[in-house]
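What follows is a set of notes on a single structure, which appears directly below.
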Amino acid sequence: LQCSCFTDGVTVASMPPAQPHKRLLDGEQGPTTAGMGAYCPVPQVPEALLEQIRVAILQHVVDSLRQEGAAYVGVLQAGLMLTTEGVKILNFKCQFGDPQCQVILPLLKNDFYEVIQATIDGKLCSCMPAWLENRTAVCVVMASPGYPGDSDKGMEVTGLLQAKELGLQVFHGATALKDGRVVTSGGRVLSVTAVRQDLMEALGEANRGVATIHFQGATFRRDIGHRGLRLLRQPLYVSTAQMFLPASHIWATSAGPAERSMLCLSSAGGRSEGGGFAAFFDLKASGYADPILVSQTKGLGPKLQVAQVCKRHDTIGQDLVALCVNDLLAQGAEPLFFLSHLACGKLDAEVMETIKEGITEACRSAGCAFLGEEVTEVAAPCPPGHCDLAGFAVGAVERGQRLPGLQRAEEGDALLGLGSPGIHGRGFGVVRRILLTASLHCSSPAPGSCGDTTLGDVLLTPGKMFSPALLPVLRSGHVKGFAPTAEGLLGGISRLLPEHVSAVLDALSWKIPEIFGWLYKEGNLSAEEMAQTLPCGIGAVLVVQKELAQHVLQDIQRQQEAWLIGKVVAPCHTAGSHIEVENLAEALQLSSPQQLLDASTAEIQPQPRKRKVKVAVLVSGAGTALPALIGSAREPGSCAQLVLVISNRPGVQELRSAARAGIPTRVIDHKLYGSRSEFDSTIDRVLEEFSVELICLSGFMRVLSSPFLRKWKGKKSN
């Protein structure tokens with residue numbers, strides 16, 4: 001895996017990850033070459049891991065070079081290996097790489113020259129590169145016979161014009177003009193690059209281009225990108241103990257009849273035939289003339305973990321169906337059928353039955369068939385009683401009735417919000433941290449209740465499923481776009497807005513459930529954090545032409561709660577999100593349970609924010625507390641920000657732990673200094689450089705000098 005970035009010596013701007021193929025022949029056989037092909041981006045490398053690579057590796061190297069007086073400006077490439085033990089660094093290079101460059105730069109949306117100039121001028125932060133979304137680039141290299149050894153030269157190359165007509169880019173590496181003809185002049189002759197919607201399509205087009213180009217003895221690989229295709233064909237099974245374990249592995253280990261069972265239910269709506277997961281849908285008999293099929297798969301993530309702790313599984317089936325069905329609605333599609341996969345440490349018949357009943361009822365409400373539930377008993381490390389649940393739904397929409405989405409939202413359009421009390425996705429990661437920090441349990445009384453409702457009851461309230469009542473509205477032609485907000489209010493709205501417009505919302509225009517006000521106050525979260533990670537009472541957002549807004553709103557309000565919550569406006573030229581939520585802090589305060597508010601306060605005051613103290617940790621390799629300190633500092637409500645880890649010994653585990661967490665590290669080896677005061681003075685200078693306010697000694701095995709102790713009196717903790 002190759003992860004590269006632009007850097008002006010301070011700012012790091014990552015490029016999409018690329019996967020080169022170095023061996024000459026298919027199946028990673030033959031001699032090593034400079035590169036026989038590549039693809040970009042790499043499937044199923046999560047955003048969280050890419051961000052960790054950016055901060056802990058690329059940014060760390062750039063910062064270290066600058067601090068050592070050797071600031072680096074240009075392109076930095078890191079060769080990485082993803083292992084079960086984490087990311088391993090193979091090498092660093094000051095280059096794009098060939099053929100990685102041929103699959104990275106075609107995805108760049110900016111003017112390449114402007115990015116280069118901003119990098120040189122030290123202004124990269126004001127001209128950050130943007131990359132094409134939902135596009136994949138594949139490059140296949142064509143080499144001369146004999147490569148990577150001595151190669152034949154002077155062979156005529158034909159078919160270049162035909163490749164160009166296919167919409168492909170052909171990069172010349174070792175060619176020359178001879179008597180008006182293109183001929184080979186070295187080893188790697190050409191690179192054929194295709195940019196298409198997905199990896200499968202791009203790979204097919206690149207290979208098609210290679211097939212149109214001819215020269216004698218041309219050598220090329222036919223399996224570029226096949227590793228990525230294998231990853232795409234293996235849906236991810238995500239457990240609490242290990243991330244990114246292919247589901248096929250689990251299914252393969254549970255094929256015996258004693259370990260695997262299929263639960264088949266009758267379809268809701270009577271449109272399926274067959275048994276188990278085999279079913280037939282007659283789309284024409286269902287009224288479709290020219291349909292497009294739409295599929296969606298979802299998991300519940302941290303919400304399922306909370307349900308397991310609460311030992312409540314009666315709502316999670318409804319949640320799973322709602323997540324899938326609502327995303328089908330975003331395309332204007334009607335749900336046809338649904339199936340699920342449940343993996344447990346130890347099968348519990350009662351839990352299975354409860355989940356099944358919830359899914360069945362939700363499918364009935366959605367008007368789709370529930371084909372069945374695959375149940376797998378998983379060996380360790382999955383503990384008994386814990387499970388992972390995934391759902392898969394397929395829907396249909398007439399070809400001309402797909403929602404247009406991004407292309408049609410314009411300045412002046414209205415934003416309608418649909419009410420939903422549920423919390424989903426990464427929002428539940430925040431919920432779990434707040435529960436841990438506040439030492440609360442699912443059985444604790446719910447905020448604002450009189451003890452008759454538990455916190456678990458409120459947190460596990462299922463999200464709203466908007467089909468089928470919303471389908472007539474979506475298909476009326478009056479709705480420009482629809483997006484669920486399960487992953488956060490801002491994330492949902494951003495799916496609806498093209499780059500040339502912004503949006504303004506008024507949080508006082510809709511009803512925010514009490515639980516969000518409680519999370520805001522108890523978690524010491526900012527209004528921005530709330531909008532980014534939680535839906536704040538809005539389950540989905542619609543974009544509607546201003547003149548039709550009231551008409552559409554009245555249609556929706558006959559079925560459920562809905563409000564006019566904002567509008568599309570001209571683009572905002574300030575940095576940061578192009579979506580502004582006005583009055584959110586005030587609205588969250590108003591929604592807070594009454595007993596959490598200060599009764600003596602007549603007016604709503606802005607939520608006080610705790611200032612985080614900048615902390616440096618001094619280590620020697622003998623302590624074990626650093627991971628706990630890092631975890632504690634990341635908890636909502638923490639007043640500490642770890643800005644630096646200093647070790648007097650190189651190569652210790654704490655340095656690696658800090659780097660993985662994105663915390664700057666410094667090694668100040670006491671053996672290199674003539675006196676204790678000289679050593680302490682160096683530490684002091686580094687602390688000042690990072691504006692440290694508090695020192696934490698964690699297994700630090702050096703005796704500090706009196707002047708150092710006096711200066712930091714009251715600002716250090718052992």
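Any residue in the stretch 186-194 that is of a type in the set (Ser, Thr, Tyr), touching a residue at least 40 places away in the same chain (Cβ under 8 Å) and in the same structural domain as Cys40 (by the TED database)?
Scanning the stretch 186-194 turns up at least one residue that is of a type in the set (Ser, Thr, Tyr), touching a residue at least 40 places away in the same chain (Cβ under 8 Å) and in the same structural domain as Cys40 (by the TED database).
How about the stretch 694-711: which of its residues are surrounded by 16 or more Cβ atoms within 10 Å (Cβ to Cβ) and under 41 Å from the mean Cα position of the chain (by Cα)?
Leu694, Ile695, Cys696, Leu697, Ser698, Gly699, Phe700
Quick check: anything in the stretch 63-73 part of a strand (DSSP E or B) and in the same structural domain as Arg196 (by the TED database)?
no
Return the residue satisfying two criteria in turn: it lies in the stretch 54-64 and is in contact (Cβ under 8 Å) with a residue 40 or more places away in the chain and open to solvent by 30 Å² or more (accessible area, probe 1.4 Å), and of such residues it is nearest to Arg188 (Cα to Cα).
So, considering only residues that are in contact (Cβ under 8 Å) with a residue 40 or more places away in the chain and open to solvent by 30 Å² or more (accessible area, probe 1.4 Å), the one nearest to Arg188 (Cα to Cα) is Arg54.
Please work out if Leu328 is assigned to a helix (DSSP H, G or I) and either touching a Cys at 6+ places or on another chain (Cβ under 8 Å) or among the hydrophobic types (A, V, I, L, M, F, W, C) (or both).
yes
Testing Val210 on (1) touching a residue at least 12 places away in the same chain (Cβ under 8 Å); (2) closer than 16 Å to Leu24 by Cβ; (3) outside any helix (DSSP H, G or I), one condition comes back false. Which one is that?
Of the numbered conditions (1) touching a residue at least 12 places away in the same chain (Cβ under 8 Å); (2) closer than 16 Å to Leu24 by Cβ; (3) outside any helix (DSSP H, G or I), the odd one out for Val210 is (3).
When only residues in the stretch 649-690 that are acidic (Asp, Glu) and crowded, with 20+ Cβ neighbours inside 10 Å count, which is modelled with the highest pLDDT?
Applying the filter and picking the extreme gives Asp680.
With respect to Ile355, is the statement that it is part of a helix (DSSP H, G or I), touching a helix residue (DSSP H, G or I) at 6+ places or on another chain (Cβ under 6 Å) and of a type in the set (Val, Ile, Thr) true?
Yes; evaluated as a whole, the condition is true for this residue.
Name every residue in the stretch 1-53 that is surrounded by 19 or more Cβ atoms within 10 Å (Cβ to Cβ) and of a type in the set (Asp, Glu), in order of residue number.
Asp8
For the condition in contact with a strand residue (DSSP E or B) (Cβ under 6 Å, 6 or more places away or on another chain), assigned to a loop (DSSP other than H, G, I, E, B) and closer than 30 Å to Pro664 by Cα, what is the one hit in Gly154, Gly97, Gly79?
Unique residue meeting the criteria: Gly97.
What number of residues within the stretch 115-151 are closer than 30 Å to Ala176 by Cα and part of a loop (DSSP other than H, G, I, E, B)?
Matching residues across the stretch 115-151 total 8.
Residues that are under 13 Å from Val140 (Cα atoms) and touching a residue at least 40 places away in the same chain (Cβ under 8 Å): find the strands (runs of 3 or more DSSP E) completely inside the stretch 1-49 holding 2 or more of those.
By residue number, 19-25, 29-40.
Residues that are aromatic (Phe, Trp, Tyr): find the helices (runs of 4 or more DSSP H) completely inside the stretch 460-541 holding 3 or more of those.
514-522
Kindly check whether there is at least one residue in the stretch 412-421 that is open to solvent by less than 10 Å² (accessible area, probe 1.4 Å) and at pLDDT below 85.
Looking for residues that are open to solvent by less than 10 Å² (accessible area, probe 1.4 Å) and at pLDDT below 85, one finds none in the stretch 412-421, hence no.
When Leu108 is evaluated against the numbered criteria (1) in contact (Cβ under 8 Å) with a residue 12 or more places away in the chain; (2) open to solvent by less than 70 Å² (accessible area, probe 1.4 Å); (3) out of contact with any Pro (no Cβ under 8 Å at 6 or more places or on another chain), which criterion, by number, is the only one it fails?
It is condition (3) that Leu108 fails.
Mind listing whichever residues of the stretch 620-648 are more than 22 Å from Glu85 (Cβ to Cβ), at pLDDT 85 or above and of a type outside the set (A, V, I, L, M, F, W, C)?
Of everything in the stretch 620-648, those that are more than 22 Å from Glu85 (Cβ to Cβ), at pLDDT 85 or above and of a type outside the set (A, V, I, L, M, F, W, C) turn out to be Ser620, Gln641, Asn648.
The values are calculated or read from the model by the stated rules, or taken from the named source; none is laboratory data. Being a predicted model, the structure only gives us computed values, none of them experimental. Because the Cβ atoms are built from the backbone with ideal geometry, glycine has one as well, and the counts that use them run over all protein chains shown. For the accessible areas, the whole protein counts, side chains as well, though only heavy atoms, and no ligand, DNA or RNA atoms are used. Shrake-Rupley method; radii C 1.70, N 1.55, O 1.52, S 1.80 Å.
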